[in-house]
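Here's the structure, in structure tokens; my notes come after.
The values are calculated or read from the model by the stated rules, or taken from the named source; none is laboratory data. Treat the numbers as computed from the prediction; the structure is a model and nothing was measured. Please note: Cβ atoms are built from the backbone with ideal geometry, for glycine as well, and neighbour counts cover all protein chains shown. All accessible areas refer to the heavy atoms of the entire protein, side chains included, with ligands and DNA or RNA removed. Shrake-Rupley method; radii C 1.70, N 1.55, O 1.52, S 1.80 Å.
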Amino acid sequence: MKEIFERTSVRQYTQQPVERGKIEALLRAAMCAPSSGNERPWHFIVLERPEDFLPIMEISPHVEMLKQAKCAILVCADTTQKKYRFDFWPQDCSAATENLLIEAKHQGLGAVWCGIYPDEEKIAALRELYRFPDYVEVLAVVPVGYPAYERPVKDRFKAERVHIGSWERVLRPGSSYTAPEFAD
Ligand SMILES: Cc1cc2nc3c(=O)[nH]c(=O)nc-3n(C[C@H](O)[C@H](O)[C@H](O)COP(=O)(O)O)c2cc1C
């Protein structure tokens, strides 16, 4: 799937507004993600107006791109959906966020995952700003717009990150899985 290989974080956007149909496509893709026990704990706060999303810049120092964004989506989780002993909502919402980013690429949009969780102070500040209850967590904010630039696609495959059968049996840098050569 070419969108997976071509996706990169986009932090500069044109003035072109993002159509609601495209936002819906992002949300639909996000909600197709796998989740632990099929909990699907995600909720999405769609912020369409700059006056609604620019205040996030006062909460997180790494979201400068919101100044140019046409929309921002907060990826949240309802933790009352929890079925098991462990918290799986961060993984569930991460899978949803990645789906959303890939669909953004497919729709010709640019987006970037801006992390909020596990910073409790940021989560508390967002909870107050957007008035969601204590049992709701926030994984990330995703600014969205039409990309102002294209980045060349890079091959990120690293053979030396691939181990076959056990940790010691690792591929040699530059080799491949189909024609494996092993490091000494
Ligand atoms: C958990 C997480 C948190 C991130 N937080 C930020 C952020 O706050 N601001 C930002 O500009 N990018 C953020 N990023 C994007 C990464 O910087 C980016 O994915 C990484 O540099 C690789 O670049 P690429 O997405 O273009 O492949 C985050 C990514 C992840 C997965």
message: Just to be sure I understand: with springs between alpha-carbon atoms less than 10 Å apart, which residue in Ser94, Ser166, Ser36 has the highest mean-square fluctuation in the Gaussian network model of the chain?
response: Ser166
Region 141-184: relative contact order in percent, alpha carbon pairs under 8 Å with at least 6 residues between: 25
message: To make sure I understand the rule: partners must be lysines, Cα under 28 Å from the Cα of Lys83, and not fewer than 8 residues away in the same chain. Which ones qualify?
response: Lys122
- request: Mind grabbing the accessible area of Thr97 for me, 1.4 Å probe, Å², rounded to tens?
  value: 0
task: Please go through region 48-147 and write out the trypsin sites (Lys or Arg not before Pro) that DSSP classes as loop and that have at most 15 other C-beta atoms within 10 Å.
output: Lys83, Arg85, Arg131
message: Sequence gap at least 6, Cα distance under 8 Å: using those rules, report the relative contact order of region 1-100 to the nearest whole percent.
response: 39
message: Counting only protein heavy atoms and a 1.4 Å probe, tell me what percentage of region 1-95's accessible area is made up of carbon and sulfur.
response: 52
task: Let me know the shape class of the chain, please: from the alpha-carbon gyration tensor, a ≥ b ≥ c as square roots of the eigenvalues, rounded when a/c is under 1.5, otherwise prolate if a/b is greater than b/c, or oblate.
output: oblate
- request: Just read off the accessible area of Asp119 with the full protein assembly in place, 1.4 Å probe, to the nearest 10 Å².
  value: 60
query: If the cut-off is 19 Å between C-alpha atoms, which lysines fall inside it for Lys158, apart from same-chain ones fewer than 8 positions away?
result: Lys2
statement: Once the dipole of the chain is set up from charges on Cβ (+1 Lys and Arg, -1 Asp and Glu), the residue from the list Val18, Val46, Ala159 lying farthest towards its positive end is Ala159
message: Report the Cα centroid-to-centroid distance between region 143-184 and region 46-80 in angstrom, as an integer.
response: 32
- prompt: Under a Cβ-Cβ cut-off of 11 Å, what is the net charge of the residues other than Pro173 that fall near it, where Lys and Arg count +1 and Asp and Glu count -1?
  reply: +1
- line: Candidate cut points under GluC sites (Glu not before Pro) in region 94-163, DSSP loop plus at most 10 other Cβ atoms within 10 Å of their own Cβ, are Glu150
message: Contact order normalised by length for the chain, with contacts defined as Cα pairs under 8 Å and 6 or more residues apart; what percent is it?
response: 28
- request: Please build a GNM for the chain, connecting alpha carbons under 10 Å apart, and tell me which residue among Phe86, Phe44, Phe157 fluctuates the most.
  value: Phe157
query: Using unit Cβ charges (K, R positive; D, E negative) and no other charged atoms, how large, in debye to the nearest 20, is the dipole of the chain about its Cα centre?
result: 460
- prompt: Which one of Gly110, Pro143, Gln81 is farthest out on the positive end of the charge dipole of region 46-184, using unit charges on Cβ (Lys, Arg +1; Asp, Glu -1) and the Cα centre as origin?
  reply: Gly110
query: Given a Förster radius of 35 Å and the C-beta distance between Asp87 and Thr8 as r, what FRET efficiency does 1/(1 + (r/R0)^6) yield to the nearest 0.05?
result: 0.75
